[in-house]
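**Q** Once you've had a glance at the structure underneath, I'll fire off some questions.
The values are calculated or read from the model by the stated rules, or taken from the named source; none is laboratory data. Everything quoted here is computed from the prediction, not taken from an experiment. All Cβ positions, even for glycine, are placed from backbone atoms using ideal geometry, and neighbour counts span all protein chains on display. Remember, those area values only see protein heavy atoms, side chains included, never the ligands or the DNA or RNA. Shrake-Rupley method; radii C 1.70, N 1.55, O 1.52, S 1.80 Å.
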Amino acid sequence: QTRSLLGVFEEDAAAISNYINQLFQAMHRIYDAQNELSAATHLTSKLLKEYEKQRFPLGGDDEVMTSTLQQFAKVIDELSSCHAVLSTQLADAMMFPITQFKERDLKEILTLKEVFQIASNDHDGAITRYSRLSKRKENEKIKTEVTEDVYTSRKKQHQTMMHYFCALNTLQYKKKISLLEPLLGYMQAQISFFKMGSENLTEQLEEFLTNIGTSVQNVRREMDCEVENMQQTIEDLEVASDPLYLPDPDPIKFPAHRNLTRKAGYLNTRNKTGLVSSSWERQFYFTQGGNLMSQARGDVAGGLVMDIDNCSVMAVDCEDRRYCFQITSFDGKKSSILQAESKKDYEEWICTINNISKQIYLSENPEEIAARVNQSALEAVTPSPSFQQRHESMRPAVQSCPPAARTSSTGSLGSDSATLPALCLDSLVAPDTPIQFDIISPVSEDLPGQAKSSGQSGRRTNPFGESGGSKPETEDSILHQLFIVRFLGSMEVKSDESADVVYETMRQILAARAIHNVFRMTESHLLVTCDCLKLIDPQTQVTRLQFPLPNVVLYATHQENKRLFGFVLRTSGGRVESRQTSICYIFESNNEGEKICDSVGLAKQIAFHAELDRKASEKQKEIDRVKEKQQKELNKQKQIEKDLEEQSRLIAASSRSSQSSTEGQFVVVSSSQSEDSDLREDGKKKRESE
């Protein structure tokens with residue numbers, strides 16, 4: 001019965017131990033959570049105090065927000081102190097009693113149970129040995145030892161059992177105490193915490209919290225209204241931008257803006273990776289004043305690509321890509337090939353860079369001035385009533401110049417008399433004259449002079465200066481100057497006596513390019529020599545066109561845009577046979593128009609002096625030939641006289657040696673001497689006459 005009852009008590013003790021362990025874990029979680037809450041509250045208060053030290057990129061100096069958060073930090077700091085006090089009370093009143101019961105009382109029960117089990121086992125062993133004592137051969141010594149062992153083990157077992165049973169009985173009371181005392185401490189700590197909170201939460205704080213709640217509701221309503229407006233804006237933009245999602249929108253519905261002085265967008269730029277290989281990279285490009293900037297993805301700011309003041313821009317063919325254009329700096333030392341995404345962007349980039357290169361962006365209303373310039377270009381195809389009116393709009397500075405004045409950048413083989421007064425446009429350029437934008441003029445097939453000059457088109461110029469079997473014409477030329485030019489166009493003109501013809505041709509070609517959206521220009525190298533002007537392909541070194549210098553009768557540069565220059569070529573033949581035809585060629589250079597005209601003028605001067613030297617040399621050769629002929633005649637006459645004198649001496653010697661000559665022979669000799677005398681007289685008279 002005792003053993004059975006002991007088993008019930010032990011089972012109850014094990015259940016109490018299991019339950020207490022679970023309760024201890026739950027209360028420990030409360031304690032840990034309270035400590036974490038106290039630390040988190042303190043950290044929150046600290047961060048709210050540091051708000052005024054923060055520098056938000058989009059947040060201005062919001063003093064109201066800063067003061068509000070400071071007030072919250074003060075309140076939360078007080079709450080943090082209350083939580084710290086609550087944590088201390090929970091540790092003392094809740095965790096300490098249950099920890100003592102778990103660590104001291106329950107462990108004591110387990111220890112006594114083990115000791116009682118050991119004592120019970122020792123008693124059973126002693127009884128077993130005592131039962132084995134023999135009744136025949138009794139050994140008093142062994143019997144005494146066994147009896148003593150039984151006594152000791154029984155006493156130990158009994159004492160251990162009494163202490164163990166007492167602890168089990170006491171455990172029933174300690175169980176109640178260990179359950180109620182932690183709960184009592186927990187409730188008292190919470191009540192104390194709430195009392196401190198009620199003391200800190202005054203009416204003034206409640207009013208503050210009410211105001212803050214109202215402000216939050218107002219901000220929420222503003223946010224909802226703003227979100228609704230943004231959603232409506234997004235829907236409108238989606239409907240309006242649907243056609244723009246196409247990479248190349250319809251140019252009729254979305255025409256290009258030609259009056260821009262600022263432009264930004266993504267372009268593909270070509271980078272050379274080897275001698276013949278290249279790669280394309282997509283970057284964001286934008287104009288900033290007179291500079292072209294680029295910014296790679298992830299960069300903080302853009303970098304300078306090129307100074308586009310006085311630069312040149314033209315459309316180019318680049319491999320198999322569309323919408324490519326090339327920008328060349330004003331000095332020609334730097335160029336960049338870019339590709340636009342669509343035809344609209346392609347035209348807008350070219351027009352924008354062209355407007356910036358004219359420095360229109362420096363004016364007060366750049367777009368208005370650009371629109372006026374483009375409108376003037378569009379109206380330029382309508383002939384003006386008179387030549388003077390056109391010059392008032394295009395070249396106002398020319399009217400103030402004296403009639404016979406001529407700049408160093410213009411030249412003509414014609415008369416240097418006064419400029420043409422009030423000439424009609426028809427007297428300069430024939431009406432309905434076609435304009436050729438390609439490198440070869442269409443009238444060159446009908447002009448024998450031009451065909452002859454361009455007959456060497458296609459002959460490759462040796463870039464290393466070596467000569468083959470035939471010697472080039474310009475190899476012995478004194479002047480060799482090379483310029484980078486771009487061909488704008490050419491057209492037939494009716495007059496070649498004034499630089500105004502070149503100005504009028506420039507106006508019509510530029511106006512035609514603006515109207516027909518012709519941005520493509522062929523770049524070449526212009527070689528100026530004393531014999532001719534050559535257009536050479538910069539890549540293949542093939543001579544595209546050759547203009548004999550004597551046929552270049554007029555050359556001039558634009559007085560405002562110094563990059564534009566042109567010359568008039570006079571050839572024989574044309575549409576009407578047996579008359580001379582004049583063709584004006586217009587080019588664009590890298591701000592070297594005056595240099596090119598000066599170079600052409602120098603070449604013509606050198607050629608003129610060379611022609612004078614050639615004529616003087618031919619005249620001197622003719623004089624030398626006459627003198628040589630006279631000298632030959634004189635030498636011949638002297639030889640004749642010498643022969644006659646020799647013959648006379650022979651005759652005199654023969655007459656002295658022959659004394660027996662007959663009278664008839666004497667008569668013959670006398671007659672011979674008289675004939676010799678006559679010949680000498682004739683020779684003497686001839687020399688005197690010479």
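**Q** With every protein chain kept in the model, how would you rank Arg220, Arg270 by accessible area, 1.4 Å probe, largest at the top?
**A** Most to least solvent-accessible, the answer reads Arg220, Arg270.
**Q** Please give the solvent-accessible surface of Ser120 in Å², to the nearest 10, using a probe radius of 1.4 Å with every protein chain present.
**A** Solvent-accessible area, nearest 10 Å²: 10 Å².
**Q** Can I ask one more? For segment 57-133, what's the radius of gyration and Dmax over Cα atoms, in angstrom?
**A** Every Cα atom of segment 57-133 included, Rg and Dmax give 31.8, 104 Å.
**Q** Give me the lysines in straight-line cross-link reach of Lys642: C-alpha distance below 25 Å, same-chain residues under 8 apart excluded.
**A** Hits, sequence-local ones excluded: Lys627, Lys629, Lys632, Lys684, Lys685, Lys686.
**Q** Nearest 20 debye, what's the magnitude of the dipole of segment 1-201 about its Cα centre given +1 on Lys and Arg Cβ and -1 on Asp and Glu Cβ? Could you put the intermediate results ahead of the total?
**A** Values: 25 positive and 26 negative charges, 303 e Å.
That gives segment 1-201 a dipole magnitude of about 1460 debye.
**Q** Give the separation of the Cα centroids, segment 27-102 to segment 629-646, in Å.
**A** 142
**Q** Whole-Hz Karplus ³J(HN,Hα) for segment 527-539, in order, using 6.51 cos²θ - 1.76 cosθ + 1.60 and θ = phi - 60°, x for Gly and Pro?
**A** 9, 9, 10, 6, 9, 7, 10, 10, 9, 10, 5, x, 9
**Q** May I pose another question? For Arg262 and Asn561, FRET efficiency with R0 = 22 Å and r from the beta-carbon atoms, rounded to 0.05?
**A** Approximately 0.50, to the nearest 0.05.
**Q** By the scheme Lys and Arg +1, Asp and Glu -1, what is the net charge of all other residues having a beta-carbon under 12 Å from that of Leu244?
**A** On the way: positive: Lys253, Lys344; negative: Glu238, Asp242, Asp248, Asp250, Glu341, Asp345.
So the surrounding residues net to -4.
**Q** Follow-up question, since we're still on this one. When the convex hull of the Cα atoms of segment 1-201 is projected onto a plane and the area is averaged over all directions, what value comes out in nm²?
**A** Average projection, Cα convex hull of segment 1-201: 18.4 nm².
**Q** Here's something else I'd like to know. What does the charge add up to near Arg262, with Lys and Arg as +1, Asp and Glu as -1, over the other residues with Cβ less than 13 Å from its Cβ?
**A** Details: positive: Lys263; negative: Glu348, Glu367.
Net charge around Arg262: -1.
**Q** Among the listed pairs Lys334/Lys595; Lys113/Lys155; Lys253/Lys334; Lys263/Lys333, which have their C-alpha atoms separated by more than 26 angstrom in this model? Spell out each step's value before the answer.
**A** Values: Lys334/Lys595 20 Å; Lys113/Lys155 17 Å; Lys253/Lys334 36 Å; Lys263/Lys333 24 Å.
Over 26 Å Cα-Cα: Lys253/Lys334.
**Q** Sticking with this structure for a sec: Would you list Tyr555, Tyr585 from the most to the least accessible area, probe 1.4 Å?
**A** Tyr555, Tyr585
**Q** Related question: Non-local amide H neighbours of Leu488 (under 5 Å, H modeled in plane, Pro and chain starts lacking H): which ones?
**A** Result for Leu488 returns Ile586, Phe587, Glu588.
**Q** Here is a follow-up. For segment 480-609, what relative contact order do you get, as a whole percent, if you take Cα pairs closer than 8 Å and at least 6 residues apart?
**A** That works out to 30 percent.
**Q** Provide the per residue accessible area, probe 1.4 Å, for segment 264-366, rounded to a whole number of square angstrom. Could the numbers behind the result be given before it?
**A** Numbers: 5270 Å² over 103 residues.
Here the residues of segment 264-366 average 51 Å² of exposed surface.
**Q** Taking Cα centroids, how far is segment 109-176 from segment 225-284 in Å?
**A** Taking the Cα centre of each part, segment 109-176 and segment 225-284 sit 100 Å apart.
**Q** Using only the Cα atoms of segment 264-366, each taken as one equal point scatterer with no solvent, compute I(q) by the Debye sum, divide by I(0), and report log10 of the ratio at q = 0.14, 0.15, 0.19, 0.20 Å⁻¹.
**A** Cα-only, vacuum Debye calculation for segment 264-366: -0.53, -0.61, -0.98, -1.09.
**Q** In addition: So how do Thr88, Thr557 rank on accessible area, 1.4 Å probe, biggest first, that is with the largest at the start? Display every interim value, and only then the final one.
**A** On the way: Thr88 80, Thr557 0 Å².
So, going from the largest accessible area down, we get Thr88, Thr557.
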